[in-house]
Amino acid sequence: MTTDVLSAPAGSSGLWARLVAGRALPIAVVSAVVIVLWYLGAIWLNTPLQIDAFERQGVAWSRADLVRATLAQERPLLPAPHQILAEMKKTIIDTRITSKRSLVHHSWVTLSSTLLGFAIGTALGVLLATGIVHLRTLDKSLMPWVISSQTIPILAIAPMIVVVLGAIGLKGLVPKAIISTYLCFFPVTIGMVKGLRSPDPLQLDLMRTYCASGWQTFWKLRWPSSMPFLFASLKVAIAISLVGAIVGELPTGAQAGLGARLLAGSYYGQTIQIWSALITAAILAACMVALVGVGERLVLRRMGLRR
Amino acid sequence: MAPDGKGLAPQESPDRESPDRESPDWAAAPEGATRPRVVEARSLSLTFETADGPVYALSDVDLDVERGDFVSFIGPSGCGKTTMLRVIADLEQPSEGRITVNGVSPHEARLNRDYGYVFQAPALYPWRNIERNVALPLEIMGVPAAERREKVRSHLELVNLAGFEKKFPWQLSGGMQQRVSIARALCFEPNLLLMDEPFGALDEIVRDHLNEQLLRLWAKTGKTVIFVTHSIPEAVFLSNRIVVMSPRPGRIIDVIETDFPTDRDLDFRETADFLEVAHRVREGLRAGHSYDD
Ligand SMILES: Nc1ncnc2c1ncn2[C@@H]1O[C@H](COP(=O)(O)OP(=O)(O)OP(=O)(O)O)[C@@H](O)[C@H]1O
Ligand SMILES: [Mg+2]
């Protein structure tokens, strides 16, 4: 079968061509540049402290010694990538999930309140948008509040939420989720107001000629036309929902969660621990945004909307 | 091809449907009227209050449309043709005068789902495939699924789109999309069809083809059609009554009744009768314009 023989390399070279032409190559190049700059930065920033250390110990050191030492400090100003990776491997893979030191454990604590807050925030956002689109009075009365809610820095309001909810007996997951909700209902509301208003006048007139009920107009026209807007908002919402959960862990002196790890790390100057928590949070956010993207593609493809 | 293509004389065509054709005063209710009125408008005016002052879209319009009529509105851009159609469809409220549709107010007619409206653009829902786009009014009107399928099938066949059920709007050409929107307007079988420049965006060839199809459809189903167009040949070819409108404020300046055979084809546009009517329409439009200056 010559065709089979021929098609296989053609297929793989096609894949290669796609990689080169596609996003893989640019991403690899940018990543490489970032890593190189990071190493240079680490050496540069950690050098003064290292020289001090050498002098205190009274040892003779060469330039190579200095570079090697700056990349292996216990509490560097800026940890090198491999140090962070080693710490992440230790706390994610080598530590039992049930242990207090496991980053998986901490990530889950943060993730659960992120997801809870995201779910509530999305529901709230959709609900508000639906009201705003359908009731003129709500549009006038609610919209200013929705917008001004986001002008207050979350760092200022987070401790108050935690304290107030703590006073009525709500601790742990819920206050953090509420902070996530507070952040993430906003993009959903704004996006959905736009989305639910996106049908053009002709599409709406069509519904009127059929004498469709408000309910039918909503489900058969407004809701489907808002889907692209919903998913765009959800991508923002899930990312800031994670930010909300982490910020919510800071003022409480929480025992667990990525925020708690950040806080503990900064108390004890454990920069490697801080950075590994940060990187973990970033990876978590990227994964969740990607997941929303997958959902988006599935839904929009089912709706026959080209991308 | 009609076997008697050139030998057709419109005067010979039997007057079976229109005993009152000779009546010159089309607006007054003719004594011998046998067909029920579908639209009856009396001194209808509509003024849009805009930020830049009032826009007089319609002024003192009298109109009668009888069952089975194919009425075309023709006039310069902005003269109020769409507005007239939207008033009939209860999408716009007249500021003065009165109008009935099927003997009741436009609002009640809309509640009765008396008419199908074909907009200037196809206005298909992009997330629905062709089948589900056509089924939309049926879904809204609560038609059972089995009946829905059958109606969608037969109406897609009617507009020559059988086999495209599962395609999405963007996979169809503009002309096909417009035919889908016609099928959608027809599928719940309204007796009145309102069409606003349905073929305006199409090229001449496709337009000719759709004109022929529409004419056949009209002859076959006996529906009442109110049709808006910019094109003189289109208006003359399709209609048995042509309403010529003047620029703003939209007034009716001429109503031309034709009596062409219903089985006319595109070649009919070469005949003297056709050209004569077309000439009269053009004169009317010109008169309207000079009035404006
Ligand atoms: N909602 C509206 N508000 C204000 N003015 C309007 C509105 N709709 C239409 N008009 C004005 O009314 C006039 C008639 O508009 P209409 O759409 O009926 O014209 P038309 O004859 O359909 O034109 P065309 O052939 O270009 O479609 C125009 O001058 C237009 O500017
Ligand atoms: Mg128009």
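The values are calculated or read from the model by the stated rules, or taken from the named source; none is laboratory data. Worth saying up front: this structure is predicted, and the values here are computed from it rather than measured. Heads up, the Cβs are rebuilt from the backbone with ideal geometry, glycines too, and the neighbour counts pull from every protein chain shown. Side chains included, ligands, DNA and RNA excluded: accessible areas come from the protein's heavy atoms. Shrake-Rupley method; radii C 1.70, N 1.55, O 1.52, S 1.80 Å.
Rundown of residues vs (1) within 14 Å of chain A (Cβ to nearest Cβ); (2) within 16 Å of ligand 2 (Cβ to nearest atom), yes/no style:
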| site | (1), (2) |
| --- | --- |
| B:GLY53 | no, no |
| B:ILE74 | no, yes |
| B:GLY78 | no, yes |
| B:THR82 | yes, yes |
| B:PRO94 | no, no |
Check: Looking at B:ASP64, B:ASP90, which one is away from ligand 2 (no atom under 16 Å from the Cβ), outside the structural domain of B:GLN171 (by TED's automatic domain parsing) and part of a loop (DSSP other than H, G, I, E, B)?
Finding: B:ASP90
Next item on the list: Just need a number here: residues in the stretch B:238-266 that are of a type outside the set (Gly, Ala, Ser) and in a strand (DSSP E or B).
Entry: 11
Notebook entry, point to check: Can you tell me which of B:ARG216, B:ARG184 is surrounded by 20 or more Cβ atoms within 10 Å (Cβ to Cβ) and of a type in the set (Lys, Arg)?
Noted result: B:ARG184
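Here are some residues: A:ALA239, A:ALA232. Which one is open to solvent by 50 Å² or more (accessible area, probe 1.4 Å) and on the phi < 0 side of the Ramachandran plot?
Values: A:ALA239 fails: open to solvent by 50 Å² or more (accessible area, probe 1.4 Å).
Being open to solvent by 50 Å² or more (accessible area, probe 1.4 Å) and on the phi < 0 side of the Ramachandran plot holds for just one of A:ALA239, A:ALA232, which is A:ALA232.
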Check: Within the stretch B:64-72, can one find any residue that is open to solvent by less than 60 Å² (accessible area, probe 1.4 Å), in contact with a strand residue (DSSP E or B) (Cβ under 6 Å, 6 or more places away or on another chain), within 16 Å of ligand 1 (Cβ to nearest atom) and modelled with pLDDT of 90 or more?
Finding: yes
Check: Scanning the stretch B:110-124 for residues that are small (Gly, Ala, Ser) and within 7 Å of chain A (Cβ to nearest Cβ), which turns out surrounded by the fewest Cβ atoms within 10 Å (Cβ to Cβ)?
Finding: B:ALA121
Notebook entry, point to check: Identify, please: which residue in the stretch A:195-217 is within 31 Å of the chain's Cα centre (by Cα) and assigned to a helix (DSSP H, G or I) and is, among those, nearest to the other protein chains (Cβ to nearest Cβ)?
Noted result: A:GLY195
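Here is a yes/no grid of residues against (1) within 16 Å of ligand 2 (Cβ to nearest atom); (2) at pLDDT 95 or above; (3) over 25 Å from B:GLY200 (Cα atoms):
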| position | (1), (2), (3) |
| --- | --- |
| B:ASN102 | no, no, yes |
| B:ARG110 | no, no, yes |
| B:GLY116 | no, no, no |
| B:PHE119 | yes, no, no |
| B:ALA123 | yes, no, no |
| B:PRO126 | no, no, no |
| B:VAL134 | no, yes, no |
| B:LEU138 | no, yes, yes |
| B:VAL143 | no, no, yes |
Notebook entry, point to check: Out of the residues in the stretch B:128-143 that are more than 13 Å from B:GLN171 (Cβ to Cβ) and of a type in the set (A, V, I, L, M, F, W, C), which is surrounded by the fewest Cβ atoms within 10 Å (Cβ to Cβ)?
Noted result: B:MET141
Check: Within the set of pairs 6+ apart or on separate chains, which have a first residue in the stretch B:194-211 that is farther than 16 Å from B:ARG184 by Cβ and within 14 Å of chain A (Cβ to nearest Cβ), a second that is away from ligand 2 (no atom under 12 Å from the Cβ) and modelled with pLDDT of 85 or more, and C-beta atoms under 8 Å apart?
Finding: B:ALA201/B:GLY174; B:ALA201/B:GLN178
Next item on the list: Scan A:ILE93, A:ILE97, A:ILE154 and give me the residue that is open to solvent by less than 90 Å² (accessible area, probe 1.4 Å) and of a type in the set (A, V, I, L, M).
Entry: A:ILE154
Check: Can we say B:ARG286 is more than 30 Å from B:LEU158 (Cα to Cα) and touching a strand residue (DSSP E or B) at 6+ places or on another chain (Cβ under 8 Å)?
Finding: no
Note to self: Scan the stretch B:38-45 and tell me whether some residue there is away from chain A (no Cβ under 14 Å), near ligand 1 (Cβ under 8 Å from one of its atoms) and not hydroxyl-bearing (Ser, Thr, Tyr).
What the structure shows: no
Notebook entry, point to check: Are any residues in the stretch B:187-213 of a type in the set (Phe, Trp, Tyr) and open to solvent by less than 10 Å² (accessible area, probe 1.4 Å), and if so, which ones?
Noted result: B:PHE199
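Do we find that B:VAL228 is more than 14 Å from chain A (Cβ to nearest Cβ), within 16 Å of ligand 2 (Cβ to nearest atom) and not in a loop (DSSP other than H, G, I, E, B) in this structure?
yes
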